[in-house]
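Data block below; observations after.
The numbers here are math on the coordinates, done by the rules we state, and not lab data. Because the structure is predicted, anything quoted here is derived from the model rather than measured. As a convention, Cβ positions derive from the backbone with ideal geometry for all residues, glycine included, and neighbour counts pool all protein chains shown.
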Amino acid sequence: MARWAIAIHGGAGVDPNLPESRQEEAKRVLARCLQTGVDLLRAGASALDVVEAVVRELETDPFFNSGRGSALTRRGTVEMEASIMDGRGRRCGAVSGVSTVKNPVSLARRVMDKSPHSYLAFDGAEEFAREQGLETVDNNYFITEDNVGMLKLAKEAGSILFDYRIPLAGTDTCSALAGADNHNGMVMNGLPISIYAPETVGCAAVDSSGFTAAATSTGGLMNKMTGRIGDSPLIGSGTYACGACAVSCTGEGEAIIRSTLARDVAAVMEYKGLPLQEAVDYCVQERLDEGFAGLIAVSGTGEVAYGFNCTGMFRGCATEDGFMEVGIWE
């Protein structure tokens, strides 16, 4: 019998000034969702069922950037995306541009299990969801008061809010957003990126049979262009699972896409013979160029690992031998 293990994340790049109350709230959500996965694995559930169930829990809670609580487009609407991958045979499913499906990760699972395709988007994904009888809700269900306020700030400054909320030094929120030429903080395509906002979610697991799976779900960037697609639904970039490992990524989507980050972890394990944590460290340190991101991973033998090159990552992990951890910082 193999050893089961699970890792989850709620996004990488955390404002170091995030209020203690928000940190504790994040840990409570992570701990609850992690326990859901642990209970399922102890009961003998498959890794595939576990990652779907855990990400559904994370999508339903408005704290993180997936499902309810997703980031808003410049039009003030929600366009969500998700993917899931089964390490057995490397089957996969993904969706983008989803606006009414309550749990996008379950739609991705249906694409994998019930369609001849691996990826559906926008109207085609929505139509398939209705055909499959998945629960749908009005787009307003996903919109929170906090995110409406963040979108207003972003629009006033003509900025994009992104998966890292690292404040620009010596400025308040509004002036940080307005200072497009300020190089004290991080920028993307010349636009300043600042203030805390909710994050992408993901889960990677290996079950007692040694089979792996991974899933990732997000609302994307705040004030993003409509139609923008990030790394989360892209197999090999935001999500990957095979016999060696399962990986879910979070962070600067464009950088993760360029580096095919999730697949690279498996590749260096397979081709360089690195153990899981060394493979994760190598990819985070060497493959992102100037990008910032984080990831969680499990191996087919029951190890857990994570890595990030930014300020903090919401995360949790547990193994069959009794180890359990929820954390944010180093």
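So the values come out like this:
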| item | result |
| --- | --- |
| GNM flexibility winner over the chain from S217, S115, S99 (Cα, springs under 10 Å) | S115 |
| Amide H partners (placed H, <5 Å) of R91, local residues excluded | D86 |
| Estimated vicinal HN-Hα couplings, Hz - segment 269-280 in sequence order (Karplus 6.51, -1.76, 1.60; Gly, Pro = x) | 5, 6, 9, 9, x, 6, x, 4, 4, 5, 5, 4 |
| Karplus (6.51, -1.76, 1.60) ³J(HN,Hα), θ = phi - 60°, over segment 320-326, in Hz, Gly and Pro reported as x | 4, 7, x, 5, 8, 8, 10 |
| Relative contact order of the chain, pairs being alpha-carbon contacts under 8 Å that are 6 or more residues apart, as % | 26 |
| Sequence ranges 59-68, 147-156, 72-81, ranked by mean other-Cβ count within 10 angstrom, highest first | 59-68, 72-81, 147-156 |
| For N309, residues with placed amide H under 5 Å, excluding near neighbours | A293 |
| Among [x] 29, 23, 18; [y] 38, 23, 16; [z] 36, 23, 22, the entry that matches semi-axes √(5λ) of the Cα gyration tensor in Å as calculated here | [x] |
| Karplus (6.51, -1.76, 1.60) ³J(HN,Hα), θ = phi - 60°, over segment 231-242, in Hz, Gly and Pro reported as x | 7, 4, x, 8, 5, x, 9, x, 9, 7, 8, 7 |
| Cross-link reach list, lysines versus K114, counting only Cα pairs under 22 Å and skipping chain neighbours closer than eight places | K102 |
| Helix-only mean residue ellipticity at 222 nm for the chain, each DSSP H run of n ≥ 4 adding -39500 (n - 2.57), per residue, nearest 500 | -10000 deg cm²/dmol |
| Y119 long-range amide H proximity, modeled H, under 5 Å | A94 |
| Gaussian network model of the chain, Cα within-10 Å springs - most flexible of S248, S96, S209 | S209 |
| Cα centroid separation, segment 71-123 to segment 16-47 (Å) | 23 |
| Degrees separating the helix 104-114 axis from the principal Cα axis of the chain, which is the longest one | 40 |
| Within the chain: Cβ-based charge dipole about Cα centre, in debye rounded to nearest 20 (Lys, Arg +1; Asp, Glu -1) | 520 |
| Packing-based order for 121-128, 106-113, using average beta carbon neighbours within 10 Å, highest first | 106-113, 121-128 |
| Size of charge dipole - segment 198-330 - debye, nearest 20, with Cβ of Lys, Arg +1 and Asp, Glu -1, no other charges | 460 |
